[in-house]
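The values are calculated or read from the model by the stated rules, or taken from the named source; none is laboratory data. These numbers were taken from a predicted model, which means no experiment stands behind them. So basically every Cβ, Gly included, is an ideal-geometry build from the backbone, and we count neighbours across all protein chains shown. Side chains are part of the model used for accessible areas, which takes the heavy atoms of the whole protein and leaves out ligands, DNA and RNA. Shrake-Rupley method; radii C 1.70, N 1.55, O 1.52, S 1.80 Å.
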Amino acid sequence: MSANKSLAAVVTGRNQAWQVVEIDVSPPSAGEVLVEWAAAGLCHSDEHFRSGDRVAPGRDDDLFPMLGGHEAAGIVAEIGPGVTKFSVGDRVCASFSPICGTCTFCVSGRGSLCNGNKDFMVRGQLADGAHRHHFNGEPLYLMAKLGTFAERTVVAERSLLPIPDDVSFEAACLVSCGVSTGWGSAVERAGTRPGDVVVVVGTGGLGSAALQGARNVGAGQIIAVDPLPFRRDMAKTFGATHAVASIADAKPIVDELTWGQGADRVILTPSIVTSEILHDGLELTGKDGVLVVVGMGPLGETPVPIDIGSFALYNKQIRGSLFGALDPRVAVPSLLNLYRRGLLDLDSMITRYPLGEINRALSDQLEGRNIRAVLTMNGH
Ligand SMILES: [Zn+2]
Ligand SMILES: [Zn+2]
């Protein structure tokens, strides 16, 4: 397929199946790069948009038709004018959050909160707001201005990070979003310490990385909670000492391990964080404990009943977590180094599917037959 065409997985309306179609791709403009994607993970953020559970009523025209994907790795195929960070042939991964490198958050090592990402979920290219990807003549919305469920897309150089030569594209793609988010949520955001009793609720891509993060810092006991049997089995290989189907089943285990004081760290990584999960997670959180909310909730306000007395008197904390509070510029090389040393198991998380089988990949992921589906493109 020529450089200005690409196979791509597109959704034309709320809750429709992915269609793998040919799209038109314009050449990169100033500050942009054409990337040939090799591997792209299915992150639940894409699914929130496809299913429409995070699309406000009446906003469908802003999102569809949508080219999905934001967790990916590939090779630079062409550079636009003024690109300084990359050359043709460089191996790169996507950064779902563009990084300007100069705002307060970037210069203080909090690149995932970059002020330059404030419009990264709206239509148009990061560089100039124009469209460079069309399907049947219609401009496409690109997930996180990346659209990596495709053979090639044009993205801003600010949305890319270099990756080393000796790691696979599949491994690098997981670190570009889900694995960093899960790992950082356990290690950085929850601040897990040696000996802690840690609960991870939801052990798909994010949760499996959170389990490994907790194991690596020396958590005492790690309780995995997931209703899907395959996920519970895999959780044991990622460091869980216990694996149960529900938060209710985790409660007596936590009580026994902590003499009724509650868990030190509770990390919420299910597909959707409901008010019940948040409430029950906070009940499980013990004295001076930290509850980290990683998964997304339903759109809009969600009332959550909280026992304010025990929240105050037990010195509890609730923390949000974007990209595990890590800076992508640091997280990508350091987590790939842990992978190289065998301290972070990415290979067991990956199930490969060709781009054309994206709908099977998605149903396998939603029904818990894999940990992370990774689409492969361009012969990789
Ligand atoms: Zn993601
Ligand atoms: Zn910035």
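Some notes on this structure:
- Neighbours by Cβ (under 6 Å, 6+ apart or cross-chain): first from region 65-78, modelled with pLDDT of 95 or more; second within 16 Å of ligand 2 (Cβ to nearest atom) and not basic (Lys, Arg): His70/Phe96; His70/Ala144
- Subset of region 213-230 [surrounded by fewer than 24 Cβ atoms within 10 Å (Cβ to Cβ) and either under 24 Å from Val374 (Cα atoms) or outside the structural domain of Gly286 (by TED's automatic domain parsing) (or both)]: Pro227, Leu228, Pro229, Phe230
Quick grid of which residues meet (1) surrounded by fewer than 23 Cβ atoms within 10 Å (Cβ to Cβ); (2) within 27 Å of His70 (Cα to Cα):
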position: Gly281; (1), (2): no, no
position: Lys287; (1), (2): yes, no
position: Val290; (1), (2): yes, no
position: Val293; (1), (2): yes, yes
position: Pro298; (1), (2): yes, yes
position: Val304; (1), (2): yes, no
position: Gln317; (1), (2): yes, no
position: Leu322; (1), (2): yes, yes
position: Leu326; (1), (2): no, yes
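- Ala210 vs. criteria touching a residue at least 60 places away in the same chain (Cβ under 8 Å) and open to solvent by less than 10 Å² (accessible area, probe 1.4 Å): yes
- Arg341 open to solvent by 20 Å² or more (accessible area, probe 1.4 Å), in contact (Cβ under 8 Å) with a residue 60 or more places away in the chain and outside the structural domain of Asp226 (by TED's automatic domain parsing): no
- Taking (1) assigned to a helix (DSSP H, G or I); (2) out of contact with any Gly (no Cβ under 6 Å at 6 or more places or on another chain); (3) not assigned by TED's automatic domain parsing to the domain that holds Phe230 in turn, Tyr353 satisfies each apart from (1).
- Some residue of region 283-304 being assigned to a helix (DSSP H, G or I) and without any contact (Cβ under 8 Å) to a residue 40 or more places away in the chain: yes
- Filter result for Pro164 (of a type outside the set (Phe, Trp, Tyr), in contact with a Gly (Cβ under 9 Å, 6 or more places away or on another chain), surrounded by fewer than 15 Cβ atoms within 10 Å (Cβ to Cβ) and in contact (Cβ under 8 Å) with a residue 12 or more places away in the chain): no
- The sole residue among Val198, Val155 that is within 16 Å of ligand 1 (Cβ to nearest atom) and farther than 18 Å from Cys43 by Cα is Val155.
- Scanning region 274-297 for residues that are of a type outside the set (Gly, Ala, Ser) and either more than 23 Å from Gly309 (Cα to Cα) or in contact with a Pro (Cβ under 8 Å, 6 or more places away or on another chain) (or both) gives Thr274, Ile277, His279, Val294, Met296.
- Among the residues listed as Ile222, Ile277, the single one being closer than 26 Å to Ser51 by Cα and in contact with a helix residue (DSSP H, G or I) (Cβ under 8 Å, 6 or more places away or on another chain): Ile277
- Annotation: of all residues in region 30-61 being acidic (Asp, Glu) and either within 22 Å of the chain's Cα centre (by Cα) or under 20 Å from Leu322 (Cβ atoms) (or both), the one that is farthest from ligand 1 (Cβ to nearest atom) is Glu36.
- Of the residues making up region 126-142, those that are crowded, with 20+ Cβ neighbours inside 10 Å and modelled with pLDDT of 95 or more number 5.
- Within region 118-151, the residues that satisfy the criterion of being charged (D, E, K, R) and either assigned to a loop (DSSP other than H, G, I, E, B) or within 16 Å of ligand 2 (Cβ to nearest atom) (or both) are Lys118, Asp119, Arg123, Asp128, Arg132, Lys145, Glu151.
- Positions within region 88-107 being near ligand 2 (Cβ under 10 Å from one of its atoms) and open to solvent by 30 Å² or more (accessible area, probe 1.4 Å), in sequence order: Cys100, Gly101, Thr102, Thr104, Phe105, Val107
- Subset of region 22-62 (residues that are open to solvent by less than 20 Å² (accessible area, probe 1.4 Å) and over 28 Å from Leu268 (Cβ atoms)): Ile23, Val25, Pro28, Glu32, Val33, Leu34, Val35, Trp37, Ala38
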